[in-house]
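For reference, the structure is listed below as structure tokens.
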Amino acid sequence: MTVRALFERNSFALDYYQREYTWTRHEVSTLIDDLSQRFLSQWNPLHDQEEAGRYAPYFLGPYVYHESDGRTFLVDGQQRVTTLHLVLIYLRQLLLDQEMLINVDELEGLTYTARHGRRSFKVGSSEELSRAQLLNSLVTDWNGLKGFTLPDDAHVSVRNLHDRSREIDGEFPEKLRGEALVPFVRWLLDRVCLVGIRALDQENGREIFVSMNDRGLRLSHVDLLKGHLFRRIGEQAREGLGREWADMLARLTTAETDSPEANTPSAYVRSFLLAQYAHLDKDSEDAVEIGRAVHEWILRNDVQLGLGRPAEAEKFVRRLTDVSKRYCELLRACREFSPALAAVYFNGYNGIDSQFTLLLSVVSPDDSDDSDETFTRKTSMVASFLDLLYVRRCVNNLPVQRRDLDEIIHRLIPVLRICRTVDDVATVLGRETSLLDHDFRELASFGLRANNRRVVRYLLSRMTAHVQRACEGGQHEYDFLRGRRDYEIEHIWANRFERYRDAVKTTAEFYIRRNRLGALLLLPKSVNASFRDDPYAKKIEHYYAENRLAASLHPKSRVRNTPFTHYLKDSGLDKAFRPCPEFGVREIEERQHLYRLLCEEIWNPARLGFRLPVIPLPPPPEPLSGRRHYGVEVIDLIDHGLIAANTKIFRTVRGEVHHATIEEDGRIRLAATDQAYHSLSAAGAAAAGSKACAGWDVWRIDRNGTAIPLKRLREEAITRGLVSRK
């Protein structure tokens, strides 16, 4: 059954014995990653529809169902089917952004039916009303969720659907938001398939459900690994190691984290082997093989690991069980905010699940129970490097999906693996930081867009907490990220263009200014809702009663406020923290500069403990996996003289012309916002305020008065043999 047929032929309901929708960010991320990797490994923008229609299919597994009264009741598989339904609704929004209306209509028919102005969605449940309200809001406005507020007592399935919808937007690869979008949707509908198993009736379905979920558990990869290792261990040591192994499994299965998949024994063993033993150079398949089956990788490499000798096998098992204690500490730090391991918590908040593998690379046998400080300092620095890398990539509009970070993580593991001291780690991370080719300069024009709300909220949370802590002491990051009060982004400019006609000429410029980072604050949702449309003169009085960063706008913020004035003097930010009795364009730019200085202070490499090299280092090497090259890129056209550096290009959105410049390194800098993007699709989406854009199709260059799509120049480069198809 293809995905198309699955939703064409069925309207799904859930039986009473079905569990709630419980998939976490990890499962959704894994599904999107698996689908996108399978498609992108075959995709070329120069393939026609016939070629794309022959791409290798992908099997999503079985689902069990029974039929009654014209509806299909899911017995098993509702997690995948529900998530697929959510993904299809999201893809419809992306197609709408690209104005692919035929494809939009196609997905509408697969996600819901409309009668008398009401939508009936293809996947329903017992709490249909609240679920339908959420899905209706996603169809109407995925990003803004117009007309929907998640109730405090929302059903667990509705709450999870709401949270996963936010994360689908963050996890969906940028490569699939451009030209690849329509081919990907076609492939997903017609080449991704499941197998349906039909039960005879409801009772038969219940029996199958119980049987599939309650009996006949197969041996896991970890169970098979234990059998292989314990055969190599001397008989006298088996009993003691057996108890340690059982304790390890108990620790891992009872640990709680925001990434539930990370606390499984299999996840730990994979991270342990990648961090401490695997070859991760570009020619190695170790990462793929360990991800597929850890016990098989051990079998193939037992000679190199020295597992043929009982003493070495025993040593390996002891190391595996000992390091698991540290792994559980890291899992706990990911869930419970701890100042000593704050960056581990931040990475968990930002969905960097692969951090655990990198963190384990600096856990050495010397980090015994009496060296907690060494373990904490080393892992804290490594987590801080990932946090720094994530933030810098975000403000430079670079992709931060798991695959992008994994390339860097796999390159760093062998280097960190040989570090034994805190100083060793500090030196390595200092060198790596100095090699990063992006910093906070692009923050000068950074702002809120359709697809970066979570990142903006994170930056505001960290800056707000940083200033609060500097004035009051203590730790405030958790309060602003996930504390009792629900904080949200506050626009200092109310959404009233008429109030700012003297400062901005067009509505487009108004929204650009209004969404600048410097024009945003973080306030409790209840406070923000009460005055969001008020003029600034009224708002500033509310700001004065809130956090220190918001209060700094008020002229009285320094009056009888010794902690704040001491902070300004000590940090050297006295001039940057200028009070703003009025808030116009100039104040937004000044505030933007302040936020850049705060970010540079928070993520200062020296403050994070890194030792920067005194002598400048050469440029960083190419990633081990090489540049992912799905056809021709803008830099290729520059290299072969088809486009000159600093060439002006333009696109039209709803009758308004947007201009941009192609820079020497192939980045696209928008004239209106002065922000640079690494692809035509990303720049085009930012100009349109959308989540998706077929960049090569929409951007044009003026040649002697004729508007030529950049897609035509790409075709010319291929026709002349200047660049390859892939």
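What about T357, is it surrounded by fewer than 21 Cβ atoms within 10 Å (Cβ to Cβ) and among the β-branched types (V, I, T)? Against the criterion (surrounded by fewer than 21 Cβ atoms within 10 Å (Cβ to Cβ) and among the β-branched types (V, I, T)), T357 does not qualify.
Residue-level check: of (1) acidic (D, E); (2) over 22 Å from L31 (Cα atoms); (3) part of a helix (DSSP H, G or I), D169 misses just (2). The single condition from (1) surrounded by fewer than 20 Cβ atoms within 10 Å (Cβ to Cβ); (2) among the small types (G, A, S); (3) at pLDDT 95 or above that S526 fails is (3). Among the conditions (1) in a loop (DSSP other than H, G, I, E, B); (2) at pLDDT 60 or above, V657 misses just one, which is (1).
Residues that are part of a helix (DSSP H, G or I) and under 19 Å from L360 (Cβ atoms) were ranked within the stretch 296-314; the one that is nearest to the chain's Cα centre (by Cα) is W297. The combined condition, being surrounded by 12 or more Cβ atoms within 10 Å (Cβ to Cβ), in contact with a strand residue (DSSP E or B) (Cβ under 9 Å, 6 or more places away or on another chain) and among the polar types (S, T, N, Q), is not fulfilled by N561. Among residues of the stretch 237-252 being farther than 12 Å from L320 by Cβ and without any contact (Cβ under 8 Å) to a residue 60 or more places away in the chain, the one that is surrounded by the fewest Cβ atoms within 10 Å (Cβ to Cβ) is E239.
Listed here are the residues, each with its yes/no results for (1) over 30 Å from T652 (Cβ atoms); (2) assigned to a helix (DSSP H, G or I).
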{"residue": "A5", "(1), (2)": "yes, yes"}
{"residue": "L31", "(1), (2)": "yes, yes"}
{"residue": "L46", "(1), (2)": "no, no"}
{"residue": "Y55", "(1), (2)": "yes, no"}
{"residue": "T72", "(1), (2)": "yes, no"}
{"residue": "T83", "(1), (2)": "yes, yes"}
{"residue": "Y90", "(1), (2)": "no, yes"}
{"residue": "L95", "(1), (2)": "no, yes"}
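A quick yes/no check of all residues on (1) touching a residue at least 12 places away in the same chain (Cβ under 8 Å); (2) surrounded by 17 or more Cβ atoms within 10 Å (Cβ to Cβ); (3) not aliphatic (A, V, I, L, M):
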site: N10; (1), (2), (3): yes, yes, yes
site: A13; (1), (2), (3): yes, yes, no
site: I32; (1), (2), (3): yes, yes, no
site: R38; (1), (2), (3): yes, yes, yes
site: E50; (1), (2), (3): no, no, yes
site: Y55; (1), (2), (3): yes, yes, yes
site: V64; (1), (2), (3): yes, yes, no
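Here R714 meets the list (1) crowded, with 20+ Cβ neighbours inside 10 Å; (2) modelled with pLDDT under 90; (3) under 22 Å from N452 (Cβ atoms) almost entirely, failing just condition (3). With respect to being under 25 Å from P183 (Cα atoms), in a strand (DSSP E or B) and either of a type in the set (K, R) or touching a Lys or Arg at 6+ places or on another chain (Cβ under 8 Å) (or both), T113 fits the description.
Filter the stretch 664-687 down to the residues that are hydrophobic (A, V, I, L, M, F, W, C) and under 19 Å from D437 (Cα atoms), then identify the one that is surrounded by the most Cβ atoms within 10 Å (Cβ to Cβ).
Ranking the qualifying residues of the stretch 664-687, first place goes to I668.
Evaluation of Y345 against the conditions (1) over 25 Å from the mean Cα position of the chain (by Cα); (2) assigned to a helix (DSSP H, G or I); (3) buried (at least 19 other Cβ atoms within 10 Å of the Cβ) shows that the sole unmet condition is (1).
Return the only residue of Y478, Y543 being crowded, with 20+ Cβ neighbours inside 10 Å and of a type in the set (F, W, Y).
Numbers: Y478 fails: crowded, with 20+ Cβ neighbours inside 10 Å.
Y543 is the lone residue from the list that is crowded, with 20+ Cβ neighbours inside 10 Å and of a type in the set (F, W, Y).
R496 fulfils the conditions (1) over 24 Å from T149 (Cβ atoms); (2) over 29 Å from the mean Cα position of the chain (by Cα) except for a single criterion, (1). Residues in the stretch 492-515 include at least one that is in contact (Cβ under 8 Å) with a residue 12 or more places away in the chain, in contact with a strand residue (DSSP E or B) (Cβ under 7 Å, 6 or more places away or on another chain) and in a loop (DSSP other than H, G, I, E, B). Would the stretch 446-465 turn up any residue that is surrounded by 21 or more Cβ atoms within 10 Å (Cβ to Cβ), touching a Pro at 6+ places or on another chain (Cβ under 9 Å) and part of a helix (DSSP H, G or I)? No, there is no match, as no residue in the stretch 446-465 is surrounded by 21 or more Cβ atoms within 10 Å (Cβ to Cβ), touching a Pro at 6+ places or on another chain (Cβ under 9 Å) and part of a helix (DSSP H, G or I).
The values are calculated or read from the model by the stated rules, or taken from the named source; none is laboratory data. Values in this document were obtained by computation on a predicted structure and should not be read as measured data. Counting neighbours? That spans all protein chains shown, and the Cβs are built from the backbone with ideal geometry, glycine included.
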